[in-house]
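This structure is in structure tokens; I'll ask about it shortly.
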Amino acid sequence: MTKIGIILGSTRPGRNGEQVAHWVLEHAKARTDVTFDLIDLADHPLPHYDEPVSAMLGQYQHEHTKAWAERIAAFDGFVIVTPEYNHSTSGVLKNALDYLFAEWNNKAVGFVSYGAVGGARAVEHLRLVVGELKMADVRTSVSLSLFHDFEGFTRFEPTEVQAKTLGTLLDEVVEWSTALAPLRAPAA
């Protein structure tokens, strides 16, 4: 069965992303054709990238990198929940992506973002990053506005249209993850 990881891309105390990630997981778990699992970066405290060689070589020396690689390798695709900080994503998410290479390859990814302008600029930045990691980003993304989808900028109350868009995003991530499966299969 296809396995999709939902990555919570913020570790900030009081983060809005936790509510958003659980909303994504709640909607995702209604599906029976795929399994979903939450990957909270707060549970994977990676220091600033500290491997002595490029991740493209896959020669991980630190235990935290090996554990992170094992966690990510288990998935067929991802939904990344990202805040927008200063027209980009969070540093902790970018760092987590940079730690690995082959473990991301040939996997689908979709984005759920939040911020003053829905996190759109964070997603645009992430599309460039995941392209370099040989990931296939789906077209649909959920852009949550701090003004319209959060009460008082803190309590998450998404509009109905956001739930519909999330359904489309999940469909695309599952379809693309399935389609990319032959590329992830080990060579005979």
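Suppose we filter LEU128, LEU166 for residues that are aliphatic (A, V, I, L, M) and closer than 19 Å to LEU8 by Cβ; which single one remains?
Working: LEU128 fails: closer than 19 Å to LEU8 by Cβ.
Sole residue among the options that is aliphatic (A, V, I, L, M) and closer than 19 Å to LEU8 by Cβ: LEU166.
Suppose the filter is part of a loop (DSSP other than H, G, I, E, B), touching a strand residue (DSSP E or B) at 6+ places or on another chain (Cβ under 6 Å) and modelled with pLDDT of 95 or more; does PHE75 pass it?
Judged against the criteria, PHE75 is a match.
Now for a different question. Tell me which residues, restricted to the stretch 3-17, are over 19 Å from TRP176 (Cβ atoms) and loosely packed, with under 15 Cβ neighbours inside 10 Å. Write out each step before concluding.
Of the stretch 3-17, the ones over 19 Å from TRP176 (Cβ atoms) are 8-17.
Listed by number, the residues that qualify are ARG12, PRO13, GLY14.
It is to be established whether one or more residues within the stretch 18-37 are among the acidic types (Asp, Glu), out of contact with any Cys (no Cβ under 7 Å at 6 or more places or on another chain) and surrounded by 19 or more Cβ atoms within 10 Å (Cβ to Cβ).
Residues of the stretch 18-37 among the acidic types (Asp, Glu): 18, 26, 33, 37.
Applying the additional criterion that residues be out of contact with any Cys (no Cβ under 7 Å at 6 or more places or on another chain) yields 18, 26, 33, 37.
Next cut, surrounded by 19 or more Cβ atoms within 10 Å (Cβ to Cβ) only: none.
Within the stretch 18-37 (the criterion being among the acidic types (Asp, Glu), out of contact with any Cys (no Cβ under 7 Å at 6 or more places or on another chain) and surrounded by 19 or more Cβ atoms within 10 Å (Cβ to Cβ)), the answer is no, since none of the residues qualifies.
Moving to a separate point now. Please work out which one of (1) over 16 Å from LEU166 (Cβ atoms); (2) among the polar types (S, T, N, Q); (3) not in a strand (DSSP E or B) is the condition GLN19 fails and give its number.
Unmet condition: (1).
While we're looking at this one, here's another question. Within the stretch 125-145, does at least one residue satisfy the condition of being of a type in the set (A, V, I, L, M, F, W, C), touching a Phe, Trp or Tyr at 6+ places or on another chain (Cβ under 8 Å) and part of a helix (DSSP H, G or I)?
Yes, the conditions are met somewhere in the stretch 125-145.
Output the residue which, of all residues in the stretch 84-114 that are buried (at least 23 other Cβ atoms within 10 Å of the Cβ) and in a strand (DSSP E or B), is farthest from the chain's Cα centre (by Cα).
TYR114
Please state which of the following conditions VAL53 fails to meet, knowing it meets all the rest: (1) part of a strand (DSSP E or B); (2) aliphatic (A, V, I, L, M); (3) surrounded by fewer than 16 Cβ atoms within 10 Å (Cβ to Cβ).
All conditions pass for VAL53, except number (1).
Of the conditions (1) in contact with a strand residue (DSSP E or B) (Cβ under 9 Å, 6 or more places away or on another chain); (2) closer than 22 Å to HIS22 by Cα, GLY167 fails just one. Which one is it?
Here GLY167 meets the rest and fails (1).
OK, next. Kindly indicate which of ALA179, ALA122, ALA185 is of a type in the set (Gly, Ala, Ser) and either buried (at least 20 other Cβ atoms within 10 Å of the Cβ) or touching a Leu at 6+ places or on another chain (Cβ under 7 Å) (or both).
ALA122
Taking interchain pairs and intrachain pairs at least six residues apart, which have beta carbon atoms under 7 angstrom, with the first residue in the stretch 41-62 and more than 28 Å from GLY17 (Cα to Cα) and the second of a type in the set (A, V, I, L, M) and outside any loop (DSSP other than H, G, I, E, B)?
Listed pairs, sorted by first residue: TYR60/ALA69.
Would you please name the residue that is surrounded by the fewest Cβ atoms within 10 Å (Cβ to Cβ), looking only at residues in the stretch 130-141 that are touching a helix residue (DSSP H, G or I) at 6+ places or on another chain (Cβ under 6 Å) and not acidic (Asp, Glu)? Explain how you work it out, then say what you get.
Of all residues in the stretch 130-141, those touching a helix residue (DSSP H, G or I) at 6+ places or on another chain (Cβ under 6 Å) come to 136-138, 140-141.
After this cut, where a residue has to be not acidic (Asp, Glu) as well, the list is 136, 138, 140-141.
Details: ALA136: 19, VAL138: 21, THR140: 16, SER141: 25.
Filtering first and then ranking leaves THR140.
Going by what's in this entry, would PRO186 be described as under 24 Å from ARG12 (Cα atoms), in a loop (DSSP other than H, G, I, E, B) and not β-branched (Val, Ile, Thr)? Break it down into steps so the answer makes sense when it comes.
Values: under 24 Å from ARG12 (Cα atoms): no; in a loop (DSSP other than H, G, I, E, B): yes; not β-branched (Val, Ile, Thr): yes.
Criteria not met by PRO186.
The values are calculated or read from the model by the stated rules, or taken from the named source; none is laboratory data. Note that the coordinates shown come from a computational prediction; the quantities given were computed from them, not determined experimentally. So basically every Cβ, Gly included, is an ideal-geometry build from the backbone, and we count neighbours across all protein chains shown.
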